[in-house]
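**Student:** Sharing a structure here in structure tokens format.
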Amino acid sequence: MTLTEFRYIVTLAQQQYFGRAAELCHVSQPTLSIAVKKLAKELGVELFERSKNSVRATPVGEQAVTQAQRGLEESAAIQDIAAAGKDQLNSPLHVGAIFTIGPYLFPHFIPVLQKLAPQMPLVVEEGFTGTIRQRLRKGELDVIIVALPFTEPDVVTQPLYEEPFVVLLTKDHPLAKNKTIKPRDINQDELLMLGEGHCFGDQVREALPDLDKATTHNNLRTHSEGSSLETLRHMVASGLGITILPRSAALGTSHKGLVTRIFDCPSAKRTVALAWRASFPRHKAIDALRDAIKKNPLPTI
């Protein structure tokens with residue numbers, strides 16, 4: 001058995017679909033399927049069972065997946081120990097960020113980090129919180145940028161900055177005449193939001209506790225599964241409604257017909273933080289990343 005096979009069964013158990021697991025492992029579906037069957041044959045037990053729509057680990061498979069996860073984490077720890085013996089700023093740093101942070105933060109700190117640590121290549125990627133959480137645990141990412149709250153065993157979190165939410169709307173919208181907008185001012189039937197899976201969408205829902213009670217006439221407006229903040233921005237520009245964005249996502253609004261207003265709600269903000277494995281030994285690399293972000297803060301609106 002190999003670490004590659006461990007990675008396959010852990011990913012398959014998480015995704016419950018061969019196609020999706022193969023995509024995340026950067027292999028073809030037949031390659032992943034053959035490797036899983038080979039490992040099951042070697043162990044002499046069935047690791048997964050197929051239903052009509054998904055794949056699930058058997059009881060013994062769940063135990064094997066748990067142990068495989070530990071093996072991947074221990075392997076990552078060994079790599080970290082080896083990296084600690086090298087120049088901490090002379091090897092690649094793999095950084096992940098959630099979709100609603102990465103596109104807006106990366107362009108601000110990457111040039112600064114390149115000056116602080118010119119010999120440290122930076123590998124960046126974006127994903128859902130759950131995805132980059134697992135990649136961090138498996139050692140495929142060194143550090144991730146997330147929104148709090150974020151808890152994970154044996155993972156250190158460190159707050160970076162606090163970011164308020166703003167309301168994005170067209171200049172001719174009735175609310176555009178207000179300097180600030182309160183939750184009660186918002187017609188929830190015209191509110192455009194991210195779908196499930198985006199932690200930012202969940203944070204907006206917390207700021208609008210009556211949202212789930214509201215009757216929406218167009219499910220697209222409150223359940224845009226898989227969409228992005230940029231998609232919501234274009235939808236607002238098209239006159240489909242209004243939306244709530246983190247301040248950093250509103251900074252790039254160049255459409256002449258759009259304006260932002262302060263969202264006057266105490267809970268309408270988020271804390272952005274770094275998170276890394278407690279065993280990760282390249283503390284100087286983490287320090288350089290944190291310094292780069294704090295030395296070039298996002299401008300205010």
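The values are calculated or read from the model by the stated rules, or taken from the named source; none is laboratory data. Computed from a predicted model, the values in this text were never measured in an experiment. So basically every Cβ, Gly included, is an ideal-geometry build from the backbone, and we count neighbours across all protein chains shown.
**Student:** For the structure I just gave you, tell me whether Glu5 is of a type outside the set (Phe, Trp, Tyr) and in a helix (DSSP H, G or I).
**Tutor:** Numbers: of a type outside the set (Phe, Trp, Tyr): yes; in a helix (DSSP H, G or I): yes.
It is true that Glu5 is of a type outside the set (Phe, Trp, Tyr) and in a helix (DSSP H, G or I).
**Student:** Among (1) in contact with a helix residue (DSSP H, G or I) (Cβ under 8 Å, 6 or more places away or on another chain); (2) free of Cβ contacts under 8 Å to residues at least 12 places away in the same chain; (3) under 17 Å from Arg137 (Cβ atoms); (4) of a type in the set (S, T, N, Q), where does Gln67 come up short?
**Tutor:** Among (1) in contact with a helix residue (DSSP H, G or I) (Cβ under 8 Å, 6 or more places away or on another chain); (2) free of Cβ contacts under 8 Å to residues at least 12 places away in the same chain; (3) under 17 Å from Arg137 (Cβ atoms); (4) of a type in the set (S, T, N, Q), Gln67 violates only (1).
**Student:** From the list Thr180, Thr151, Thr157, pick out the single residue that is surrounded by fewer than 19 Cβ atoms within 10 Å (Cβ to Cβ), closer than 25 Å to Ala68 by Cβ and of a type in the set (Ser, Thr, Tyr). Step through it out loud before you land on a result.
**Tutor:** Details: Thr180 fails: closer than 25 Å to Ala68 by Cβ; Thr157 fails: closer than 25 Å to Ala68 by Cβ.
Result: Thr151 is the single residue among Thr180, Thr151, Thr157 that is surrounded by fewer than 19 Cβ atoms within 10 Å (Cβ to Cβ), closer than 25 Å to Ala68 by Cβ and of a type in the set (Ser, Thr, Tyr).
**Student:** Can you confirm whether Leu39 is aliphatic (A, V, I, L, M), touching a helix residue (DSSP H, G or I) at 6+ places or on another chain (Cβ under 7 Å) and farther than 30 Å from Asp202 by Cβ? Walk me through it before giving the result.
**Tutor:** On the way: aliphatic (A, V, I, L, M): yes; touching a helix residue (DSSP H, G or I) at 6+ places or on another chain (Cβ under 7 Å): yes; farther than 30 Å from Asp202 by Cβ: yes.
Yes: the conditions hold for Leu39.
**Student:** Another question, if that's okay. Return yes or no: is Glu62 closer than 24 Å to Thr151 by Cα, assigned by TED's automatic domain parsing to the domain that holds Phe280, touching a residue at least 12 places away in the same chain (Cβ under 8 Å) and of a type outside the set (S, T, N, Q)?
**Tutor:** Working: closer than 24 Å to Thr151 by Cα: yes; assigned by TED's automatic domain parsing to the domain that holds Phe280: no; touching a residue at least 12 places away in the same chain (Cβ under 8 Å): yes; of a type outside the set (S, T, N, Q): yes.
No.
**Student:** Oh, and also: Kindly check whether there is at least one residue in the stretch 133-146 that is among the small types (Gly, Ala, Ser), in a strand (DSSP E or B) and within 27 Å of Gln69 (Cβ to Cβ). First the steps, then the outcome.
**Tutor:** In the first step, residues of the stretch 133-146 are kept if they are among the small types (Gly, Ala, Ser); the result is 139.
Narrowing the set further to residues that are in a strand (DSSP E or B) leaves none.
Among the residues of the stretch 133-146, not one is among the small types (Gly, Ala, Ser), in a strand (DSSP E or B) and within 27 Å of Gln69 (Cβ to Cβ), which makes the answer no.
**Student:** Let me ask something else about it. Hey, which of the strands (runs of 3 or more DSSP E) in the stretch 26-99, taking only ones fully inside, have at least 1 residues that are exposed (fewer than 15 other Cβ atoms within 10 Å of the Cβ)? Full working, then the answer.
**Tutor:** Numbers: elements: 48-50, 55-57, 93-98.
Those strands (runs of 3 or more DSSP E) span 48-50, 55-57.
**Student:** Quick one: which of Leu208, Leu232 is at pLDDT 85 or above and either within 24 Å of Thr180 (Cβ to Cβ) or touching a Gly at 6+ places or on another chain (Cβ under 8 Å) (or both)?
**Tutor:** Values: Leu208 fails: at pLDDT 85 or above.
The conditions single out Leu232.
Matching residues to (1) of a type in the set (A, V, I, L, M, F, W, C); (2) farther than 24 Å from Ala288 by Cβ:
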site: Thr131; (1), (2): no, yes
site: Ile144; (1), (2): yes, no
site: Pro149; (1), (2): no, yes
site: Val155; (1), (2): yes, no
site: Pro159; (1), (2): no, no
site: Pro164; (1), (2): no, yes
site: Val167; (1), (2): yes, yes
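**Student:** Restricting to the stretch 147-201, what's the tally of residues that are assigned to a loop (DSSP other than H, G, I, E, B) and either within 16 Å of Arg261 (Cβ to Cβ) or among the polar types (S, T, N, Q) (or both)? Steps first, answer last, please.
**Tutor:** Kept after step one, since they are assigned to a loop (DSSP other than H, G, I, E, B), are these residues of the stretch 147-201: 148-154, 171-173, 178-179, 182, 186-187, 193, 195-198.
The next check asks that each one be either within 16 Å of Arg261 (Cβ to Cβ) or among the polar types (S, T, N, Q) (or both); those that pass are 151, 171-173, 178-179, 182, 186-187.
Counting residues in the stretch 147-201 that are assigned to a loop (DSSP other than H, G, I, E, B) and either within 16 Å of Arg261 (Cβ to Cβ) or among the polar types (S, T, N, Q) (or both) gives 9.
**Student:** Continuing with this model, one more query. What residue, among those in the stretch 145-203 that are outside the structural domain of Gly96 (by TED's automatic domain parsing), small (Gly, Ala, Ser) and within 17 Å of the chain's Cα centre (by Cα), is farthest from Ser279 (Cα to Cα)?
**Tutor:** This residue is Gly195.
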